[in-house]
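The values are calculated or read from the model by the stated rules, or taken from the named source; none is laboratory data. All of these numbers come straight from a predicted model, not from anything done at the bench. Every residue, glycine as well, gets a Cβ built from its backbone with ideal geometry; the counts of neighbours run over all protein chains shown. Side chains included, ligands, DNA and RNA excluded: accessible areas come from the protein's heavy atoms. Shrake-Rupley method; radii C 1.70, N 1.55, O 1.52, S 1.80 Å.
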Amino acid sequence: MKLTNAADTATQALPMRLFRGAQDRRHAQRVQEQLELVEAGLIEHLGFASDVADAPARYLMEAGGKRIRPMLTLLTSELGTGPNELVRRAAQAVEMTHLASLYHDDVMDDAKLRRGVPAAQTVWSNSVAILAGDLLFARASSLVSGMGEEAILLQAQTFERLCLGQLHETVGPKEGDDPIAHYIQVLADKTGALIATAARMGVMFGEAATEYADPVTEYGERIGVAFQLVDDVIDLSPKKEATGKRAGTDLRAGVATLPVLLLRRRAAGGDAAASELLARIDAGVARIAAGEDPGLLDAEVEALREHEVTRETEAEAKRWASEAVAQLGALPKSSVRRALERMADSIVNREG
C-alpha cells in the first residue's frame, strides 16, 4: 500500500510549474510520464524475494518523497536526446542511493519521523534499518554496474562523499575550524554531491554535449546546499501539514542547523540577546535529552523562527540558488534551461 504525504502532490505538479507555454507543456508531460516509469522501475528494483528484506527495503520509497534527483536527471537529459533506458536507470540509481542514505541518517540522528511516517528503525530496529539501507546501496550499485566505467567511478566517488559528509557531521569541526564553513561543507557532501551526480548523469546518458556536464554538476551541488539550508528554516515552521513534522524537530534533538550556528556566532561576538536565547535553547535540549517533554522548547522555537538569524539563513539559501542558476549560463537558452532555473527557485521558495 502506498503511503502519501503533502510532498507527493507537490511532486506531481512540479513538472507543470517548471515548464510553461505550449512547447514547454510537451516537455512537462514527457518528464511526468518518464517520472512514472522511473517510479515503476523503483518498485521493481526494490523487490526482494525474502519477506524479511522486502518490507523494510520498500518502506521509505512507498512513503513518497519529492523525487527531485530523478527529475533532475530527466531534465538534464533533455539537453541532449532526452530520456532513454539508461537515463531512467541512472535516475533510479540516484534515488535509490538517496533513499539508502536516509535509512542510515535516521538511525544516526535517532529520528522519529521521515516523510510524515515513523522512521524505519522505529518500525523494525536500528540493525534492520541499517541493513535495509545497505541493500539499497547494493541495488543502486548493481544498476550502475552495467552503465560503463565512467558511471561506476562517479557512483563510487559520490558514495565516498556521502560517507565523508556523514563522518564530518558526526565528529564535528576540529578546534580552530569555522563551524559554519564546516557545516556548509557537510551539506555539500551529504546532499549536494548526489544532486550533482543526478544532473551529470542526465547529460552523460541523454547524449548531450560533453561541455554541459560540468555546468550542470556545479548547478546540482549548489541547489543541494540551498535545499538543505531551506530545510533548516522549514524545521522551525509551525505548518505541520506542509512539513510533516513538529516545529523545531531538529532543534529539540540538538541537531546543528544554520540558524543555531549563526546564533552562536552572534553570542560569541557579545550579542547579549543572542546569548540569552542560546542559553535557553541549550538548557532545553539538555532537558529533552534527559527525557523531559519536548514541548518545553516551544517558546524558544518560536523565538528562533522570528530571529534575524533565520532571515539570514533564508538569504544564504537564495544566494546558493542564485549561484546555481549562474552556472547555467554555459547552456543554450531553451525551455530546459528555464526549467532548471525555475527548479532552483522552487527549492528556495518551498514550505515543506
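Laid out as a table, the results:
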read-out	value
Residue check for Y183: among the aromatic types (F, W, Y), modelled with pLDDT of 90 or more and under 18 Å from the mean Cα position of the chain (by Cα)	yes
Members of region 4-31 found to be open to solvent by 20 Å² or more (accessible area, probe 1.4 Å), at pLDDT 60 or above and either closer than 15 Å to G65 by Cα or not in a helix (DSSP H, G or I) (or both), listed by number	R20
Output for region 116-135, where each listed residue is surrounded by 21 or more Cβ atoms within 10 Å (Cβ to Cβ) and over 18 Å from G165 (Cβ atoms)	A119, A120, Q121, A129, A132
Checking V255 against (1) open to solvent by 20 Å² or more (accessible area, probe 1.4 Å); (2) of a type in the set (A, V, I, L, M, F, W, C); (3) assigned to a helix (DSSP H, G or I); (4) at pLDDT below 95, the condition it does not meet	(3)
Search result, residues across region 228-246 that are assigned to a helix (DSSP H, G or I), in contact (Cβ under 8 Å) with a residue 40 or more places away in the chain and either open to solvent by 20 Å² or more (accessible area, probe 1.4 Å) or small (G, A, S) (or both)	Q228, V233, E241, A242, T243
Test: residue in region 309-327 that is more than 26 Å from A196 (Cα to Cα), free of Cβ contacts under 8 Å to residues at least 40 places away in the same chain and buried (at least 17 other Cβ atoms within 10 Å of the Cβ)	no
Single residue of A138, A156 found to be exposed (fewer than 15 other Cβ atoms within 10 Å of the Cβ), of a type in the set (A, V, I, L, M), closer than 23 Å to A63 by Cβ and out of contact with any Asp or Glu (no Cβ under 9 Å at 6 or more places or on another chain)	A138
Members of region 166-213 that are free of Cβ contacts under 8 Å to residues at least 12 places away in the same chain and closer than 21 Å to Q327 by Cα	T210
Test: T249 is hydroxyl-bearing (S, T, Y), at pLDDT 90 or above and open to solvent by less than 60 Å² (accessible area, probe 1.4 Å)	no
Residue check for L296: surrounded by 16 or more Cβ atoms within 10 Å (Cβ to Cβ), assigned to a helix (DSSP H, G or I) and among the hydrophobic types (A, V, I, L, M, F, W, C)	no
Set A317, A274, A321: member being part of a helix (DSSP H, G or I), modelled with pLDDT of 95 or more and either among the hydroxyl-bearing types (S, T, Y) or in contact with a Lys or Arg (Cβ under 6 Å, 6 or more places away or on another chain) (or both)	A274
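Per-residue answers, yes or no, for (1) under 23 Å from the mean Cα position of the chain (by Cα); (2) not charged (D, E, K, R):
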site: D232; (1), (2): yes, no
site: A253; (1), (2): yes, yes
site: G270; (1), (2): no, yes
site: L277; (1), (2): no, yes
site: G284; (1), (2): no, yes
site: E308; (1), (2): no, no
